[in-house]
Structures are given as structure tokens and as C-alpha cells.
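Visitor: This is the structure I want to talk about, given as C-alpha cells.
The values are calculated or read from the model by the stated rules, or taken from the named source; none is laboratory data. Computed from a prediction, not measured in an experiment: that's the story for all the values here. We place every Cβ from the backbone using ideal geometry, glycine too, and count neighbours over all the protein chains shown.
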Amino acid sequence: MLDEFREAFDKRYETVKEEKANGKGAVGWMCNYVPEEIFHAAGYNPIRVLGKEGETTMADAYLYTNMCTLVRSCLEEGFNKGFDFLDGMVAVNTCDHVRRFYDVWSRYIPTPFIHELFVPHKVNEHSERFFTEEVTQLKEKFEEYSGKKITDDKLSESIKLYNRARSLLREISETRKADPPPITGEEFLEVMLPGLVLPKEKHVEMLEGYLQELKGKKAEDDDRLRIYLLGSELDNTEYIRIIEDAGGLVVADDLCTGAKYFLDDVEENGDPVAAISRRYLKRAECPRMRPADTRLKRIADTIEEYDIDAVVLEVIKFCNLYGEDYPILKKALDKLDVPVLMISREYSTAGVGQIRTRVEAFFESIT
Ligand code: SF4
């Protein structure tokens, strides 16, 4: 069934375009803080904007040289008309890089609905109120654009569907607590990725089938190091394959395209907009949120629950959020006596040879 996930991811935009031809539009989003349920409840497919392998000549002309290659690649795809089918684009004030992405996109890439969502850097009652207003404004602006009323009933249905997808992903991910796990890190990413870009109903159906298959699977002995993979966006399985070929086995992650996407549910009772706002503000935090305590606790708990031998932090070059976080993370991991390797990588797979050498040397040094 893994082939099915691979194929679905490769043909992601074809599926979304087919749905569009049948009347269901699509809204692109950049950063996990965008509440997808709002667009789904309006009858649209929310999809994560991803980049592509290759040159980023156009984006380079519009962005500073120290912008991360993820943002560069996504923007290039926009300039290349790869996202011409989108009805909307929503970005977040995640970091300066995404803000510049939004500035350029909103000015030069014609998209009918465009919005920047402001997410506070702290979680408290004031920021919760502020963010609920932000989400309410987003909902109202999208209702006005689409001419469709986003009712509480529709939002509740979308919340249930997204919670179902999240709980299935958690269940599949948690099978990796076993030693040996029935699924590798590379396989898990293959299962996860289509969920970011396919109609949610389709992904849920695939996950349900896959979970059944997994329950009947017998894991083979595996003496590789149990690795916890941290970082932001990762949509190329090659980076996990390097770790797994070198003697590690990724049994847990804290990626934007992994656990940070599915760890928390939206409450199903009460005011749906308030519940969505709470979930997205308080969801598994990334280093943009302050203080770091909750995130470091989540990391420490995962290390214990998944019996982690070592941590690998993948930082996309020029990502100041994850780069600046390294000393904080290293200090916390030193206290737990867990070795960590930080890899600085491009969004594309350029320079994988060098990374392979560093990973192999790291594993050799800790075994
Ligand atoms: S990789 Fe870092 S700098 Fe780039 S968009 Fe993500 S958080 Fe921002």
C-alpha cells in the first residue's frame, strides 16, 4: 500500500485540480499555524504549498540572499505558474522568511484570495483572545470572498474529519514505540506527506486501510540506533534514507511535516472557531514560540517514550528559528545525556553526499 501513498503524493496537484474541475476549489497554506478546517468547511481543499527540486532564478531575484531555500523554492514554483489552480494563499508571520514570501507572492503572483495570519509568539489569555479574533477575521474574509457561509455545523464536521486524520497518524506513528518498529522513518514520511496536499477525505480513507495492514505486519529484528528527527519542513524522503542507510532508524520526529502537524486535536464541543483558535495557537510549538519550556518538555518526554538513542536536527540553511534554537536544544539534550547532530541542509537534495558522511561519522562516534 505504500506505493499508493507515493503515487498519491506524486500526483497531488492532479487530484486537487480534478476536484477543482468538479467545483471544489483549493487554498494554499504556508506554515502549520493556518487553520485548514476554516477552508474545508467552506468547501475548499486546503493544501500545503511545497517547492520543487531545481533552480530558483526568479525567486532569487526577489528575495535577499539569506532567505531559506524552502521559501525560495515555493516562491519559484509560484512564479513558474505551478500554483495557478489555487483560489487562495494564506501565509503566517512565522518568521521573516515567510513574511518576505508573503510580500512577494501577494504583489507578483496573482491569486484571488490572499491573506496573512498573525500568530502571537506567546500563549496566554491575551494572545488567545487576539488569535481568536484573527481566525474570526480570516473566516469572515473568506466567507466574503467565496460567497459561502461557514456555519458552525460545517466547521464541526471539518473538525471531526481533521481530528480523525490526526488520530490515525498518531496511531501509526506510535507503532514506532515498539522495538523493532513495524515501519521505518522513511515509510512513515511517505504515509504522512499526502495528507498535506490531498483532499482530507481521501487521505483518511488511505490511512484507515494502511493501519489495518500495519496491525497484521510482523516487524523484523533491527539493531539500528533509535533516532528522533527534529526540524521544520521536510518533504523529501531522501534525507531520512541517508540516516537509515547509515545505521539509524527514525522512530519519532518533531517536524512540521510530521508530529507537529498531527499531535493535537481540536475540541469537538463548544464554539468551533474558539476551539480551532485554541488548538492552532497551543499546538505542538515550534521554536518561534517563547518560552521554549513546553517544547523542550515534549522533546524530553518523547525521548523517554520512544527509547531514543540520539537526536538529529535538520536545519534548512539560513533558517534562523531552528538555527538559533540549537544551543538551547543542545543544553537540554546534554542534561539528558542524549547525543545530537545538527545538519544544515538545502531544501532540495543538493549536497546530500556531505550529509551522508557527517551522519555516518556521528553514528560511529556514539556506538
Ligand atoms: S525553514 Fe525556518 S526560515 Fe524557512 S520558512 Fe521554515 S521556519 Fe521560516
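Visitor: Do you know which residues across the stretch 148-183 are of a type in the set (Gly, Ala, Ser) and under 21 Å from Val34 (Cβ atoms)?
Guide: Matches in the stretch 148-183: Ser156, Ser158, Ala165, Ser167.
Visitor: Can you tell me which residues in the stretch 47-97 are modelled with pLDDT of 95 or more and acidic (Asp, Glu)?
Guide: Matches in the stretch 47-97: Asp60, Glu76, Glu77, Asp84, Asp87, Asp96.
Visitor: Something else: Are there any helices (runs of 4 or more DSSP H) wholly within the stretch 18-104 with 1 or more residues that are touching a strand residue (DSSP E or B) at 6+ places or on another chain (Cβ under 6 Å), within 26 Å of Asp264 (Cα to Cα) and more than 14 Å from the ligand (Cβ to nearest atom), and if so which?
Guide: The helices (runs of 4 or more DSSP H) meeting that bar are 36-41.
Residue-wise test of (1) charged (D, E, K, R); (2) closer than 21 Å to Thr257 by Cβ; (3) in contact with a His (Cβ under 8 Å, 6 or more places away or on another chain).
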residue: Glu187; (1), (2), (3): yes, yes, no
residue: Pro194; (1), (2), (3): no, yes, yes
residue: Leu198; (1), (2), (3): no, yes, no
residue: Leu207; (1), (2), (3): no, yes, no
residue: Gln212; (1), (2), (3): no, no, no
residue: Lys217; (1), (2), (3): yes, no, no
residue: Glu220; (1), (2), (3): yes, no, no
residue: Ile227; (1), (2), (3): no, yes, no
residue: Leu230; (1), (2), (3): no, yes, no
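Visitor: A further question follows. Please find, within the stretch 213-258, the residue that is surrounded by the most Cβ atoms within 10 Å (Cβ to Cβ) out of those that are within 16 Å of the ligand (Cβ to nearest atom) and either of a type in the set (Asp, Glu) or within 14 Å of Glu364 (Cα to Cα) (or both).
Guide: Asp253
Visitor: Please determine whether any residue of the stretch 37-46 is surrounded by 24 or more Cβ atoms within 10 Å (Cβ to Cβ), among the acidic types (Asp, Glu) and either at pLDDT 95 or above or within 23 Å of Pro291 (Cα to Cα) (or both).
Guide: Scanning the stretch 37-46, I find at least one residue that is surrounded by 24 or more Cβ atoms within 10 Å (Cβ to Cβ), among the acidic types (Asp, Glu) and either at pLDDT 95 or above or within 23 Å of Pro291 (Cα to Cα) (or both), so the answer is yes.
Visitor: Right, something else. Return yes or no: is Lys154 touching a Gly at 6+ places or on another chain (Cβ under 7 Å), under 23 Å from Phe113 (Cα atoms) and touching a residue at least 24 places away in the same chain (Cβ under 8 Å)?
Guide: Here the answer is no, as Lys154 does not meet what is asked.
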